[in-house]
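Undergrad: Pasting in a structure now, in structure tokens, and then I'll have a few things to ask.
None of the figures in this text is laboratory data; all of them are computed from the coordinates on show. Note that the coordinates shown come from a computational prediction; the quantities given were computed from them, not determined experimentally. Note that we place each Cβ from the backbone using ideal geometry, even for glycine, and neighbour counts take in every protein chain shown.
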Amino acid sequence: MPSRLVVLVSGAGTNLEALLEACEQAGYGAEVVAVGADRDGIEGLERARRRDVPTFVVPLADFATRESWDDALAAAVAAHEPDLVVLAGFMKLVGPAFLARFGGRTLNTHPALSPAFPGMHGPRDALEYGVKVTGATLFVVDAGVDTGAIVAQTVVPVEDDDTTASLHERIKHAERAMLVDTVGRMAREGFRLDGRRVRLGG
Ligand code: GRF
């Protein structure tokens, strides 16, 4: 049986698209069973709808507290019985209720080489710092901001004439390949957490 993925998005959804394409390949080992978002009207949701993948939206503004939003998000994800949850450009932090249910099997991708440049502006912060290489990090989500155990990283050069946009585009290209490759391996081979070390294969 392929691993069941629920993917959460907040924007363009190019990482989601890469996963959806990969899941159509025979032998990839995973299927996207639902796509969720914290807002409607985004391209990420349209990408799912075009492929008849079920979608759901849980906006933070609909809830009186962050905790009740987190509960509702966890319940919406749980309804699709995922093996793995993938945050693919999901721009909200999940909370304790979500992690109680899906901790250890929720992945996120960050457009920088952790532990450098956590937070919302990884490409901009890397460019401003003047690093010569940066990249993307796939990690197991914990309660911190981009602090979880690292599953995979990919490196890209910073070019002299880069802008934040050109650098982020180069990162996203590498990030999608890393995401597809690593999620497939996790689905097919399994993985285990050994402290902060993530080991692919049973
Ligand atoms: C990715 O670079 C992700 O790491 C960051 O936002 C971008 C989302 O891109 N948090 P997309 O929505 O998958 O196109």
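Undergrad: Of the DSSP beta bridges with both residues in the chain, give the percent that are antiparallel, rounding to the nearest 5. Walk me through the numbers on the way to the answer.
TA: Numbers: 15 of 33 bridges.
Of the beta bridges lying entirely in the chain, close to 45 percent run antiparallel.
Undergrad: Can you work out the Karplus-derived ³J(HN,Hα) for every residue in the stretch 24-29? Use 6.51 cos²θ - 1.76 cosθ + 1.60 with θ = phi - 60°, whole Hz, and x for glycine or proline.
TA: Going residue by residue, I get 7, 7, 4, x, 5, x Hz, with x marking Gly and Pro.
Undergrad: With label points built 7 Å along Cα→Cβ from the Cα atoms of Val133 and Asp52, find their separation and express it in nm.
TA: 4.5
Undergrad: With point charges of +1 on the Cβ of Lys and Arg and -1 on the Cβ of Asp and Glu, referenced to the Cα centre of the chain, which listed residue (Asn15, Val133, Thr106) lies farthest in the positive direction of the dipole?
TA: It is Thr106, whose Cα lies furthest towards the positive end.
Undergrad: Tell me, rounded to the nearest percent, the portion of alpha carbon pairs in the stretch 108-202 spaced more than 23 Å apart. Walk me through the intermediate numbers first.
TA: Details: 1107 of 4465 pairs.
Counting pairs separated by more than 23 Å, the tail of P(r) holds 25 percent.
Undergrad: Moving on. Percentage of Cα-Cα pair distances in the stretch 1-102 greater than 24 Å, rounded to whole percent?
TA: Values: 905 of 5151 pairs.
So the portion of pairs separated by more than 24 Å is 18 percent.
Undergrad: What distance in nm lies between label points placed 7 Å from Cα along the C-beta direction at Glu169 and Ala78?
TA: If labels sit at Glu169 and Ala78, their model points lie 4.3 nm apart.
Undergrad: log10 I(q)/I(0), Debye, Cα-only the chain, no solvent, q = 0.09, 0.10 Å⁻¹?
TA: -0.32, -0.40
Undergrad: Based on DSSP H assignment, which helices of the chain show an axial Cα extent of at least 30 Å together with a mean Kyte-Doolittle hydropathy greater than or equal to -1.0? Display every interim value, and only then the final one.
TA: Numbers: long enough: 164-189 (36 Å, -0.52).
Counting only whole DSSP H runs, the qualifying helices are 164-189.
Undergrad: Quote the FRET efficiency, to the nearest 0.05, computed for Met91 versus Ala26 with a Förster distance R0 of 30 Å and r equal to the Cβ-Cβ distance. Intermediate results must be reported in sequence, preceding the final value.
TA: Details: r = 33 Å, r/R0 = 1.10.
Here the calculated transfer efficiency is 0.35.
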